[in-house]
Amino acid sequence: MTGLQKALAGLALLAALIGGGTIGTAGIGHKFGLWQMPVARLLLEYGFYGAAGGAALGVLTLLIALLRQRGGGAFGAMLAIAAGAGAAYVPWTMHQKELTLPALHDISTDTQDPPAFVALANERANFENGAAYDSDAAAKQKEAYPDIAPLRSALPPDRLFAKALAAAKALGWQIVAQSVEEGRIEATAVSEWFGFKDDIAIRIVADGAGARLDMRSASRTGAHDLGANADRVRAFLAGLR
């Protein structure tokens, strides 16, 4: 029976590793243009089943070992549980965000007059989402992300501009355009895993004795960003406060 426990543990670990590898490959292949999102989504789904199945088989093997009070395969089972559950958690989290968050791909601190894409307008015209802001998204954004609002600073516009530009560069964004006279920064952020490209437009204007900064972050493709653009706006503004 100990031999069977070890075999089950080995099978569980193999399933968990293959599932995890499939999940990782889904994004990497998309990033390098080997396949489009429908294939990537399928790989994520199959990878989830493999990783979750490996973790479940690991739990079963561990229970058998505990009940029989024989530790054969217990260590391998624990490895399978850790690897399988860790890998399966990634696509599971993505799916939960897709279910619970609204289908938005364009987030702005000013939904009435969002910062415009100027330098990036032609580039975005080649993608499904384009440069125009969908005013219908404003109500969804206000309901889902009521905390997203303009940043008001005591700094004068030129100093806030310099601070914002330095922060954008520190985040590794590709700076496409910068004009301190216009108070405009445009940049592109590329996700590490899937290689998704989201564009950012920042507008800085005088506001009394200080300055006001508005920011827009928009995905080039896809109707649902899984909250990525809202997270980006929140994190960037928090870093400037």
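For the range 205-236, how many residues are free of Cβ contacts under 8 Å to residues at least 40 places away in the same chain and not acidic (Asp, Glu)?
Result for the range 205-236: 3.
Within the range 1-38, which residues are over 21 Å from Ala80 (Cα atoms), within 18 Å of the chain's Cα centre (by Cα) and open to solvent by 50 Å² or more (accessible area, probe 1.4 Å)?
Ile28, Lys31, Phe32, Gln36, Met37, Pro38
Restricting attention to the range 106-118, which residues are crowded, with 18+ Cβ neighbours inside 10 Å and without any contact (Cβ under 8 Å) to a residue 60 or more places away in the chain?
Listed by number, the list holds a single entry, Thr111.
Which of the residues that make up the range 151-175 are within 13 Å of Arg212 (Cα to Cα), open to solvent by 90 Å² or more (accessible area, probe 1.4 Å) and touching a residue at least 60 places away in the same chain (Cβ under 8 Å)?
The answer is Arg152, and nothing else.
Name the one entry in Ala168, Ala189, Ala223 that is within 15 Å of the chain's Cα centre (by Cα) and at pLDDT 95 or above.
Ala189
May I ask you to list the residues in the range 142-165 that are among the small types (Gly, Ala, Ser) and either closer than 25 Å to His105 by Cα or touching a strand residue (DSSP E or B) at 6+ places or on another chain (Cβ under 7 Å) (or both)?
Passing the criteria: Ala144, Ala149, Ser153, Ala154, Ala164.
Take the range 125-150 and flag every residue that is free of Cβ contacts under 8 Å to residues at least 24 places away in the same chain and surrounded by fewer than 17 Cβ atoms within 10 Å (Cβ to Cβ).
Ala125, Asn126, Gly130, Ala132, Asp136, Ala139, Pro146
Quick check on the range 56-69. Is at least one of its residues of a type in the set (S, T, N, Q) and surrounded by 15 or more Cβ atoms within 10 Å (Cβ to Cβ)?
Yes.
Report whether or not Ala121 is among the hydrophobic types (A, V, I, L, M, F, W, C), surrounded by fewer than 17 Cβ atoms within 10 Å (Cβ to Cβ), free of Cβ contacts under 8 Å to residues at least 60 places away in the same chain and over 19 Å from Asp231 (Cα atoms).
Yes: the conditions hold for Ala121.
The values are calculated or read from the model by the stated rules, or taken from the named source; none is laboratory data. Being a predicted model, the structure only gives us computed values, none of them experimental. For neighbour counting, all protein chains shown are included, and Cβ atoms are generated from backbone atoms with ideal geometry for every residue, glycine included. In case anyone asks, the SASA skips ligands and DNA or RNA and just uses the protein heavy atoms, side chains included. Shrake-Rupley method; radii C 1.70, N 1.55, O 1.52, S 1.80 Å.
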